[in-house]
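Heads up: the structure comes next, in structure tokens.
Bear in mind that the values in this text are calculations on the coordinates, not laboratory data. These numbers were taken from a predicted model, which means no experiment stands behind them. No Cβ is skipped: glycine too gets one built from the backbone with ideal geometry, and neighbour counts run over all protein chains shown.
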Amino acid sequence: MKYRRLASILCALTIPVLPLHASADRVKFLEGASTAAKLSPAELEEPVTGYLPSRALELVTAVSPPPALDSEQDKADVALFRDINAAANASRWEIAVDDDASVYDRFAEALSISPDRAHLPALVRLLNRVSEDVLAVTGEAKKRFARPRPMQRFALRRVCGYATPPKPEASPSKGSSYPSGHAAVSWATALVMMEVAPARAQHLIGRAVSFGNSRIVCGLHFPADIEAGHFIGAGIAGRLFGDPLFRRDLLCAKREFNALVAGEKSEDLPACQF
């Protein structure tokens, strides 16, 4: 589950802002490389529209700025980053590398069913639309705050997506560290999945916390970046419950999940009727 080309793009630049499309890179990021390999060119290029295309961006104004460079808050954030990053052993590093590659499939064990198009197509369609809203906000916030990433500021022994860690910059002033797009998408993913499968809530939220920590282990984000990502993911999820189309699709995804748990197959289920 490695996609070095996309990882390096996300590390060095910003996560794309709207309009996003279900290109191969986007599908790999959200659904995993194995899913992207099975889709036709038409399926890969299918447009994805968020539920809150205009209202979602309003959340950017509610995101607090990151700690000012070399402030006491920044120094504390850096110290926590160093502690978490240095404490990661080889097995934790491998988890972080896999978390860097994709999102939904990393929740398979926590959900108890693989969240892919073959097993839970309604859930995947729902998550893709939610992710569109989340990435729109994180993309705008990244442009607004432009916080340099850890690898721009410090020499690191390893960084996800790089065979050789990049050399730190002399005086970095711009970057795409804050907030973490991976953390935002994974948090929103967990919150949606918790509504679909409430009995798996503890497993799902634990997986989302671990996923966020992986961004620190990867050397790509500071802890404050993860917190801001969680804020955005939760903020989008909260607003979505006021959207009737989201609630309709959520109900469909929940019916689909419960049917699979009962031993039915998604392709045998009747289409959701509303």
Paramagnetic label zone (point 7 Å from Cα along Cα-to-C-beta, Ala87; backbone N under 18 Å) in the stretch 215-230: 215-227
Divide, for the stretch 4-268, the radius of gyration over alpha carbons by 2.2 N^0.38 Å, where N is the residue count. 0.98
Once you have the Cα-Cα distance between Ala118 and Cys272, take 0.36 nm times their residue separation minus that, and quote the gain in nm to one decimal. 53.7 nm
Helix 90-101 vs. the chain, principal-axis angle (Cα, 0 to 90°, nearest 10): 60 degrees
What list of ³J(HN,Hα) couplings, whole Hz, do you get for the stretch 235-241 from phi and the Karplus terms 6.51, -1.76, 1.60, once you set θ to phi - 60° and write x for glycine and proline? x, 5, 4, x, 5, 5, 5
Flagged as over-length at 27 Å C-alpha distance, from Lys28/Lys142; Lys38/Lys174; Lys143/Lys167; Lys28/Lys254; Lys75/Lys174, the pairs are Lys38/Lys174
Under a crude label model (7 Å from the Cα following the beta-carbon direction), how far is Ile95 from Lys265 in nanometres? 3.5 nm
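Under a Cβ-Cβ cut-off of 12 Å, what is the net charge of the residues other than Ser266 that fall near it, where Lys and Arg count +1 and Asp and Glu count -1? Each step should come with its number before you reach the end.
Numbers: positive: Arg117, Arg125, Arg255, Lys265; negative: Asp116, Glu256, Glu264, Glu267, Asp268.
Summing Lys and Arg as +1 and Asp and Glu as -1 gives -1.
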Would you mind computing, in nm to one decimal, how far apart the modelled labels at Ala155 and Ile205 are, each placed 7 Å from Cα along Cα→Cβ? 4.2 nm
With the dipole of the chain defined by +1 on each Lys or Arg Cβ and -1 on each Asp or Glu Cβ, the option from Thr164, Ala199, Pro179 whose Cα lies farthest towards the positive pole is Thr164
Which of Ile113, Ser64, Leu44 sits farthest toward the positive end of the charge dipole of the chain, with +1 on the Cβ of Lys and Arg and -1 on the Cβ of Asp and Glu? Ser64
Relative to the longest principal axis of the chain, what angle (0 to 90°, nearest 10) does the C-alpha long axis of helix 181-196 take? 30 degrees
